[in-house]
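The values are calculated or read from the model by the stated rules, or taken from the named source; none is laboratory data. Owing to the predicted nature of the structure, the values given are computational and were not obtained by experimental measurement. Positions of Cβ are backbone-derived with ideal geometry, glycine not excepted, and every protein chain shown enters the neighbour counts.
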């Protein structure tokens, strides 16, 4: 398994919060923690920006994807509005977590709660070549359910 070195900085809100970490040896994503000063409530249907308490410096050619935690989604309806969120290699600001509550009850976020996960990926840059026609495939232009249910 390849490892990449990523510089990380705690923001003032992140002091005392654990750094992102993999919870098992096979985990693809590392957990991110809520860097809220006081408990915050997300009401059903509400969208809230929650601090992660960290900024990172990704090497060029990498991105960080910010994703919901499956347990929070299943048990409480807590997910992310822009999932996956992308952190580009040239971004140096604090990682903000845009959470929403799709559940039926208010959800309380406390300082240090694991509320999202971050996956590090290599990226490729595309160079487009404009053409008059594209090659044919069996699927062709079929989309939105064209291959079955």
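Do you know which of the residues in the stretch 103-125 that are in contact with a strand residue (DSSP E or B) (Cβ under 6 Å, 6 or more places away or on another chain) and in a loop (DSSP other than H, G, I, E, B) is nearest to residue 47 (Cα to Cα)?
If we take residues in the stretch 103-125 being in contact with a strand residue (DSSP E or B) (Cβ under 6 Å, 6 or more places away or on another chain) and in a loop (DSSP other than H, G, I, E, B), then 106 is nearest to residue 47 (Cα to Cα).
With the requirement that a residue be out of contact with any strand residue (DSSP E or B) (no Cβ under 7 Å at 6 or more places or on another chain) and in contact (Cβ under 8 Å) with a residue 24 or more places away in the chain, what does the stretch 3-15 give you?
Within the stretch 3-15, 5, 15 qualify.
When you look at residue 36, is it within 21 Å of residue 8 (Cβ to Cβ), in contact (Cβ under 8 Å) with a residue 40 or more places away in the chain and part of a strand (DSSP E or B), yes or no?
Values: within 21 Å of residue 8 (Cβ to Cβ): yes; in contact (Cβ under 8 Å) with a residue 40 or more places away in the chain: yes; part of a strand (DSSP E or B): no.
For residue 36, the condition - within 21 Å of residue 8 (Cβ to Cβ), in contact (Cβ under 8 Å) with a residue 40 or more places away in the chain and part of a strand (DSSP E or B) - is not met.
List pairs: first residue in the stretch 70-85 and closer than 16 Å to residue 50 by Cα, second residue assigned to a helix (DSSP H, G or I) and at pLDDT 95 or above anywhere in the structure, Cβ distance under 6 angstrom, at least six positions apart or on different chains.
Every condition considered, the pairs that remain are 78/72; 79/73.
For residues in the stretch 59-84 being part of a strand (DSSP E or B) and either modelled with pLDDT under 95 or over 22 Å from residue 43 (Cα atoms) (or both), which is nearest to the chain's Cα centre (by Cα)?
Looking at the filtered set, the residue picked out is 65.
Go through the residues of the stretch 34-54 one by one and say whether even a single one is surrounded by 15 or more Cβ atoms within 10 Å (Cβ to Cβ), modelled with pLDDT of 95 or more and more than 17 Å from residue 115 (Cβ to Cβ). I'd like the intermediate steps shown before the answer.
Applying the first criterion (surrounded by 15 or more Cβ atoms within 10 Å (Cβ to Cβ)) to the stretch 34-54 yields 34-36, 40, 42, 48, 50-54.
So of that shortlist, the ones also modelled with pLDDT of 95 or more come out as 34-36, 40, 42, 48, 50-54.
Narrowing the set further to residues that are more than 17 Å from residue 115 (Cβ to Cβ) leaves none.
No, because not a single residue in the stretch 34-54 is surrounded by 15 or more Cβ atoms within 10 Å (Cβ to Cβ), modelled with pLDDT of 95 or more and more than 17 Å from residue 115 (Cβ to Cβ).
Exactly one of these conditions fails for residue 105: (1) touching a residue at least 60 places away in the same chain (Cβ under 8 Å); (2) more than 12 Å from the chain's Cα centre (by Cα); (3) surrounded by 12 or more Cβ atoms within 10 Å (Cβ to Cβ). Give me its number.
With respect to (1) touching a residue at least 60 places away in the same chain (Cβ under 8 Å); (2) more than 12 Å from the chain's Cα centre (by Cα); (3) surrounded by 12 or more Cβ atoms within 10 Å (Cβ to Cβ), residue 105 is out only on (3).
Being part of a helix (DSSP H, G or I) and either farther than 21 Å from residue 13 by Cα or under 16 Å from the mean Cα position of the chain (by Cα) (or both): is that true of residue 96 here? Step through it out loud before you land on a result.
Details: part of a helix (DSSP H, G or I): no; either farther than 21 Å from residue 13 by Cα or under 16 Å from the mean Cα position of the chain (by Cα) (or both): yes.
Against the criterion (part of a helix (DSSP H, G or I) and either farther than 21 Å from residue 13 by Cα or under 16 Å from the mean Cα position of the chain (by Cα) (or both)), residue 96 does not qualify.
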